[in-house]
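The values are calculated or read from the model by the stated rules, or taken from the named source; none is laboratory data. None of the values given here were measured: they were computed from a predicted structure. Quick reminder, even Gly has a Cβ in these numbers, built from the backbone with ideal geometry, and neighbours come from all protein chains shown.
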Amino acid sequence: MTRYFKTSDGLSLAFDDQGQGPALLCLSGLTRNREDFDTIHGLSRRVRLIRMDYRGRGDSDHGDWQSYTVAREAEDAIELLDYLEVPQTAIFGTSRGGLIAMRLAHTHLDRLTGVLLNDIGPVIDSAGLEAIKGYVGITPSYADYDEAATGLQKTYLDDFPEVGLAQWVVFARRIFRQTRDGLELRYDPALREAVLATTAPAPDMWPLFDALKGLPVAVLRGENSSLLSAETLAEMAHRHPGLMSATVRGRGHVPFLDETESVALIDAFLVELGA
């Protein structure tokens, strides 16, 4: 059931909170929403599964696009934990969510019990960033979900060669909303302004990753990922002895989390958390 809480700057953000056990806060990708984690909904039998929509995404209020930053979204995550009186949590971070998790390791390490990163690391390949800039905030031209599924399958055929139309329909329903005039984005189009305004050289994020030392850390990587390279994953493993990782065959950015490799790694991570 969707619930809401107020941030310190007055926005109403959506979340859901199900299950019992160790807390697991799920943070989605840049343009995504908490439905990114529908495929792991069953984990609420093992953990307290908390999923939130960032400001400007999903069912949350839209705000000033200048507040659509990793720093502010990390603060929102802490405010949600405070609202729910959750002293510590593990984080399952997909893409943008993983960046937020690493930032929180640097600023609020005492609140974290572990981190699972889905196709993201301290080095983001430039080709992937350019691809994101090409589509973020652009209203789709699709008339309905079936048309969107066909278009998505064609667009991502090289990165997701084995994904059929039925799965793309499910994905389309997560990221688009049907209107009388066709599909629209399920996030604030002004997010594009926030992304394009980030023109400065990317900061060195290795210190943020290194802050995870001592915590259980797992990394999923899509075999065809445009953001997380095999070389970066290898360096992450070198810097974090005991790192759990899996490369998901036939997936790009990002794995859907229902793949055999994903399920096995998620299970291993939860065991480390005591779930």
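Overview of values
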read-out: Filtered residue count, segment 139-171, keeping only those that are touching a strand residue (DSSP E or B) at 6+ places or on another chain (Cβ under 8 Å) and closer than 22 Å to VAL195 by Cα; value: 3
read-out: Residue list for segment 147-176, filter: charged (D, E, K, R) and exposed (fewer than 15 other Cβ atoms within 10 Å of the Cβ); value: LYS154, ASP158, GLU162
read-out: Condition met for GLY121 (assigned by TED's automatic domain parsing to the domain that holds SER245, closer than 25 Å to GLN66 by Cβ and surrounded by 16 or more Cβ atoms within 10 Å (Cβ to Cβ)); value: no
read-out: Residue in segment 137-146 that is among the charged types (D, E, K, R) and surrounded by fewer than 17 Cβ atoms within 10 Å (Cβ to Cβ) present; value: yes
read-out: Test: residue in segment 187-205 that is polar (S, T, N, Q) and surrounded by 15 or more Cβ atoms within 10 Å (Cβ to Cβ); value: no
read-out: Residues that are acidic (Asp, Glu) and closer than 15 Å to VAL123 by Cα, drawn from segment 203-249; value: ASP204, ASP210, GLU231, GLU235
read-out: Subset tally (residues that are charged (D, E, K, R) and buried (at least 19 other Cβ atoms within 10 Å of the Cβ)) for segment 100-110; value: 1
read-out: Odd one out for ALA127 among (1) touching a Ser or Thr at 6+ places or on another chain (Cβ under 7 Å); (2) buried (at least 22 other Cβ atoms within 10 Å of the Cβ); value: (2)
read-out: Strands (runs of 3 or more DSSP E) contained entirely in segment 1-76, each with at least 1 residues that are small (Gly, Ala, Ser) and assigned by TED's automatic domain parsing to the domain that holds ALA268; value: 12-18, 23-27
read-out: Condition met for GLU85 (out of contact with any His (no Cβ under 7 Å at 6 or more places or on another chain), of a type in the set (Asp, Glu) and assigned to a loop (DSSP other than H, G, I, E, B)); value: yes
read-out: Residue in segment 124-133 that is among the charged types (D, E, K, R), on the phi > 0 side of the Ramachandran plot and outside the structural domain of VAL170 (by TED's automatic domain parsing) present; value: no
